[in-house]
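Below is one structure, written out as structure tokens, with a few remarks after it.
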Amino acid sequence: MLIEIDSERIQSEIDQLAKISEASPPVMTRVLFSKADLQARAYVQARCSNSDLALREDAVGNIFARWQGQDPDLPAVATGSHTDAIPNAGKYDGVVGVLGALEAIRGLKRSGFKPRRSIELVIFTAEEPTRFGIGCLGSRLLTGALAPEQALQLTDSAGKRLSDWLEEVYSQSGDLQSVRLVPNFYSAFVELHIEQGPLLERQRIDLGVVEQIAAPATLRLELIGEGGHAGAVLMPDRHDALLAGAEIALAVESAAKESQSPDTVGTTGLFRIEPGAVNSVPYRALLEIDLRDTRLSTRDIALRRIRENVLAVTQRRGVQAHLDVINQDPPAVCDAALVQAALQAAVRVGFSARCMVSRAYHDSLFMAQTFPTTMLFIPCRNGVSHRPDEYASPEAIYKGTLVLAQLLQELASAPSRI
């Protein structure tokens, strides 16, 4: 059975979706519940509807587009990713896994394939943490990794809660209990994604199959010092929140470098100060810290060192600290049989493939806690991501989409788990 993938159509849809942004293209910004985010969802829903997929949307905005199989009572096969984008992002992160998956389904339909199991495309809500400081909101709720009552209390930088946003966007604010899926809802989940790293391109390998996903932790730190006139407050009398934050940011870097794991990475990705005037001593600083590792033990060693440094720096500088752990998640091990099936699917169509670790985390991290899961990585130029110059070639997208289609065909034909 010949599966044909329309590479030009995928690229055209990626380009069309890239026109929907809070910033001027090529800069992508689509923050959860923004006008651009909602328009992007509507665009994808229209494409799915045009492909005769049955649509539904849950209480937090996860979108499901289903091609019903001949035995709809069997657990479905799922694929998908996200369309939201951090500020100053590119147009391929997440989007390849949504529009590539849609084209994989269309290719299977054109080939005459009749799936035994239903195939479902999932567009996850808020994979990016921009709005509430926590990533993968939709998949956390789908898998029970985040309790609905905790989710409703999530608050953005303007003090607006998730419950307020849901009331504004969906005219409801409390039915998140219905979002969680039962453990056997899907027989498998496969996410197509750009690598967001340089290894595949450097090694000239067509496809990466993910066997492990790194463990993330996110910290939010508020520092309260004492403000004052920059000329009047002498240096021995200062309790500068910015300088305390700067020391802590450097301590994050040191903790990651000295963890004894090559995979530990630490980033102080947000650093805001008040009052933000050149002639005023900063009295408040807000930091958000991202810490990741493929090993829980070394990640947590680095986390402990960061906590110790926060205490030492703030005591020495006479600054108050309020440290909140937004999330502290375990790593995910992908399903071994599914990993092998993905490698074999690549070989069948003549593409090179290797097993990989994902050092970025994705919705697959949480899907893997409940369903057999893996990811398919395609090369991206120079490993660049989360920047406007993020790029994946049409050829790379074609190859990833074709392998995904092959894998979906196998999974949707299986009478039981592979």
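Evaluate the Kirkwood expression for the hydrodynamic radius of region 215-328, namely the inverse of the mean inverse distance over all pairs of different C-alpha atoms, and round to one decimal in Å.
After inverting the pairwise mean of 1/r, the radius is 14.4 Å.
Between their Cα atoms, which of Lys35/Lys114; Lys19/Lys114; Lys35/Lys109; Lys91/Lys399; Lys19/Lys399 are more than 28 Å away from each other?
Listed pairs above 28 Å: Lys35/Lys114; Lys19/Lys114; Lys35/Lys109.
Give a residue-ordered list of calculated ³J(HN,Hα) values for region 55-72 (Karplus: 6.51 cos²θ - 1.76 cosθ + 1.60, θ = phi - 60°; whole Hz; x for Gly, Pro).
Computed from phi, the couplings for region 55-72 are 9, 8, 9, 8, 6, 9, x, 4, 10, 10, 10, 10, 9, 5, x, 6, 10, x Hz.
Within the chain, what is the longest stretch that has no GluC sites (Glu not before Pro) placed in a DSSP loop and near at most 15 other beta-carbon atoms within 10 Å?
Working: sites that count: Glu4, Glu22, Glu258.
Looking at the chain, 23-257 is the longest stretch - no exposed GluC sites (Glu not before Pro) with at most 15 other Cβ atoms within 10 Å.
Applying 1/(1 + (r/R0)^6) with R0 = 25 Å to the Cβ-Cβ distance of Ser34 and Gln11, what FRET efficiency is obtained, to the nearest 0.05?
In this case the efficiency is close to 0.50.
Taking 0.36 nm per residue of separation and subtracting the Cα-Cα distance, what length does fully extending Asn50 through Arg272 add?
Answer, rounded to one decimal: 75.5 nm.
If amide H atoms are built 1.01 Å from N in the plane of the peptide, which residues on other chains or at least 5 residues away come under 5 Å of the amide H of Val209?
For Val209, whose amide H was placed from the backbone, the distant partners under 5 Å are Arg354, Cys355, Met356, Phe377.
Given only helices, namely DSSP H runs of n ≥ 4 each adding -39500 (n - 2.57), what is the per-residue ellipticity at 222 nm of the chain, to the nearest 500 deg cm²/dmol?
-11000 deg cm²/dmol
Compute the distance in nm between two label points, each set 7 Å from the Cα along the Cα-to-Cβ direction, one at Ser280 and one at Ala337.
Here the modelled spin labels are 6.2 nm apart.
Tally Lys and Arg at +1 and Asp and Glu at -1 over the other residues with C-beta under 10 Å from the C-beta of Gly94: what net charge comes out?
Here the charged neighbours net out to -4.
With each pseudo-label sitting 7 Å past Cα toward Cβ, what's the Ser261-Ser352 distance in nm, one decimal?
3.0
Please figure out what share of the DSSP beta bridges in the chain is antiparallel and state it in percent, rounded to the nearest 5.
Bridges in the chain that DSSP calls antiparallel: roughly 70 percent.
Just to check I understand the Karplus step: with θ = phi - 60° and J = 6.51 cos²θ - 1.76 cosθ + 1.60, what whole-Hz values come out for region 358-365, glycine and proline as x?
8, 8, 7, 9, 9, 4, 4, 4
Suppose the chain between Ser297 and Glu149 were pulled fully straight at 0.36 nm per residue; how much longer would it get relative to their current alpha carbon spacing?
Computed gain between Ser297 and Glu149 is 50.3 nm.
If we count every other residue with Cβ under 15 angstrom of Ala346's Cβ, Lys/Arg +1 and Asp/Glu -1, where does the sum land? The partial results should precede the final answer.
Details: positive: Arg204, Arg348, Arg354, Lys399; negative: Glu195, Asp206, Glu211, Glu395, Glu410.
Net charge around Ala346: -1.
If amide hydrogens are placed 1.01 Å from N in the peptide plane, which non-local residues have theirs closer than 5 Å to the one on Met28?
The list, which skips near neighbours in sequence, is Asn88, Ala89, Gly90.
Between Ser157 and Asn88, what length in nm is gained on full extension when 0.36 nm per residue of separation is reduced by their alpha carbon distance?
Stretched fully, the Ser157-Asn88 segment lengthens by 23.0 nm.
What is the Rg over Rh value, at two decimals, for region 40-121, using alpha-carbon atoms and the Kirkwood definition of Rh?
Taking Rh as the inverse mean 1/r over Cα pairs, Rg/Rh reads 0.99.
Using only the alpha carbons of region 159-262, determine the length spanned along each of the three principal axes and report them from longest to shortest in whole angstroms.
Dimensions of region 159-262 along the principal axes of its Cα atoms: 66, 50, 23 Å.
Could you pull out every residue, at least 5 positions away or on a different chain, whose amide H is within less than 5 Å of the one on Ala215? Hs are placed 1.01 Å off N in the peptide plane, and Pro or chain starts have none.
For Ala215, the qualifying residues are Asp293, Thr294, Arg295.
What are the trypsin sites (Lys or Arg not before Pro) within region 137-189 that DSSP puts in a loop, where the Cβ has at most 16 other Cβ atoms within 10 Å? Present the calculation step by step, with values, prior to reporting the outcome.
Working: sites: Arg140, Lys160, Arg161, Arg180; in loops: Lys160, Arg180.
Taking region 137-189 and a limit of 16 other Cβ atoms within 10 Å, the loop trypsin sites (Lys or Arg not before Pro) found are Lys160.
Taking just the alpha carbons, could you work out the radius of gyration and Dmax for region 239-300, both in angstroms?
Rg and Dmax of region 239-300, Cα atoms, are 14.1, 45 Å.
Counting Lys +1, Arg +1, Asp -1, Glu -1, what net charge surrounds Arg284 among other residues with beta carbon under 12 Å of its beta carbon? Let's see the in-between values first.
Values: positive: Arg272; negative: Glu222, Glu226, Asp240, Glu274.
Cβ neighbours under 12 Å give a net charge of -3.
With all pairs of different alpha carbon atoms counted, what Kirkwood hydrodynamic radius in Å does region 84-149 show?
After inverting the mean inverse Cα-Cα distance, the result is 14.0 Å.
With the calculation restricted to Cα positions, what are the radius of gyration and Dmax of the chain in angstrom?
Using the Cα atoms of the chain, the pair Rg, Dmax is 22.5, 79 Å.
What is the distance in Å between the Cα centres of region 275-293 and region 21-68?
34
Residue by residue, what Karplus-based ³J(HN,Hα) values in Hz, rounded to whole numbers, does region 390-399 have, using 6.51, -1.76 and 1.60 with θ = phi - 60° and x for Gly and Pro?
3, 8, 10, 6, x, 5, 5, 5, 4, 5
Please report the Cα spread of region 26-166 along all three principal axes, rounded to whole Å, starting with the longest.
Largest first, region 26-166 extends 51, 37, 19 Å along its Cα principal axes.
Report the trypsin sites (Lys or Arg not before Pro) located in region 204-300 that are in a DSSP loop and have at most 14 other Cβ atoms inside 10 Å of their Cβ, or state none.
Arg204
Over all alpha-carbon pairs of region 27-74, lay out the pair-distance distribution in 5 Å bins, whole %, shortest bin first.
It works out to 5, 19, 22, 22, 16, 9, 4, 3, 1, in whole percents.
So, in nm, how far is label Gln177 from label Gln315 when the simple model puts each one 7 Å beyond its Cα toward the Cβ?
4.6
Quote the relative contact order of region 215-328 in percent (integer), defining contacts as alpha-carbon pairs under 8 Å separated by 6+ residues.
44
Every number here is computed from the coordinates shown, using simple stated rules; none is lab data. Small disclaimer: the values here were computed from a predicted structure and weren't measured. No Cβ is skipped: glycine too gets one built from the backbone with ideal geometry, and neighbour counts run over all protein chains shown.
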